[in-house]
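**Student:** Shown below is the structure under consideration.
The values are calculated or read from the model by the stated rules, or taken from the named source; none is laboratory data. Just so you know, these numbers come straight off a predicted model, no measurement behind them. Every residue, glycine among them, receives a Cβ derived from its backbone with ideal geometry; neighbour counts consider all protein chains shown.
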Amino acid sequence: MTLNNNNRALIKKQIKDILTSDQCESRLSEITGDPQMSTINALMTFLISPDPAIKNRTIQALALVVSKIAGQDIEQARTIMRRLFWSLNEESGAVGWGAAEAIGEILATNDQLAAEYHGILPTFINPEISYLEHDPLLKEVLLGIERLGHKRPDLIKDVKPLLEHFLTKEDAEFKKIVLRILSLIK
């Protein structure tokens, strides 16, 4: 099946069918086959899914699509990256749910984008630069860093000093995520 990139509602339905399918892994090629901005736009709507499985599948699909786009048109891929980073900015008017994790997965998937953008994600946990004040978004940034670290631990080694204050937070989830990240940094 090929996605119908001419009908916004139809492409969103087709992507939802794939993301909720038991055969999602084997059907991802339907999403990544001919990636266009309509595919990206539809995928981004599922980043806010309350279902962790759908959110995770969306993040994986988005990373594959953006990586493929980067191979065809790096400027378009850069525009997508800027859009994701912008959604984390308070001035954007958006909340940016799922964006940090998607960024981490995209950077883990694509060499060129990783080389260009890996230093930006940690700025959102740096109190001296672009620190996010909202704990749920901070957790997502940490999860994005963790995603990047699983495939490219060398690119997250400089975040170690930024992680220590999260170990003093009362929220145990912060500690768990930070300890997983620290285990990736050799």
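**Student:** Do you know which of the residues in segment 49-81 that are over 12 Å from the mean Cα position of the chain (by Cα) and of a type in the set (Lys, Arg) is farthest from residue 21 (Cα to Cα)?
**Tutor:** Across segment 49-81, the extreme among qualifying residues is 78.
**Student:** Moving on to the next point. Quick one: count up the residues across segment 12-37 that are modelled with pLDDT of 85 or more and either assigned to a helix (DSSP H, G or I) or in contact with a strand residue (DSSP E or B) (Cβ under 8 Å, 6 or more places away or on another chain) (or both).
**Tutor:** Qualifying residue count for the region: 8.
**Student:** Among the listed residues 141, 178, which satisfies the condition of being buried (at least 20 other Cβ atoms within 10 Å of the Cβ), closer than 22 Å to residue 115 by Cβ and β-branched (Val, Ile, Thr)?
**Tutor:** Selected residue: 141, the only one of 141, 178 that is buried (at least 20 other Cβ atoms within 10 Å of the Cβ), closer than 22 Å to residue 115 by Cβ and β-branched (Val, Ile, Thr).
**Student:** Hey, among 185, 181, 106, 156, which residue is of a type in the set (A, V, I, L, M) and farther than 25 Å from residue 57 by Cα?
**Tutor:** Residue meeting the stated conditions: 185.
**Student:** Related question: Go through the residues of segment 44-64 one by one and say whether even a single one is surrounded by fewer than 23 Cβ atoms within 10 Å (Cβ to Cβ) and more than 19 Å from residue 101 (Cβ to Cβ).
**Tutor:** No; the residues of segment 44-64 include none that is surrounded by fewer than 23 Cβ atoms within 10 Å (Cβ to Cβ) and more than 19 Å from residue 101 (Cβ to Cβ).
**Student:** Have a look at 90, 105 and point out the one that is surrounded by fewer than 24 Cβ atoms within 10 Å (Cβ to Cβ) and either farther than 22 Å from residue 55 by Cα or among the charged types (D, E, K, R) (or both).
**Tutor:** So the residue among 90, 105 that is surrounded by fewer than 24 Cβ atoms within 10 Å (Cβ to Cβ) and either farther than 22 Å from residue 55 by Cα or among the charged types (D, E, K, R) (or both) is 90.
**Student:** Tell me, which helices (runs of 4 or more DSSP H) lie completely within segment 86-186 with 1 or more residues that are small (Gly, Ala, Ser) and either under 27 Å from residue 65 (Cβ atoms) or touching a Pro at 6+ places or on another chain (Cβ under 9 Å) (or both)?
**Tutor:** Passing ranges, in order: 99-109, 111-117, 135-151.
**Student:** When you go through 99, 114 one by one, which is the residue that is at negative phi and buried (at least 21 other Cβ atoms within 10 Å of the Cβ)?
**Tutor:** 99
**Student:** Among the numbered conditions (1) of a type in the set (A, V, I, L, M); (2) exposed (fewer than 13 other Cβ atoms within 10 Å of the Cβ); (3) under 22 Å from residue 44 (Cβ atoms), tell me where residue 129 comes up short.
**Tutor:** Every listed condition holds for residue 129 apart from (3).
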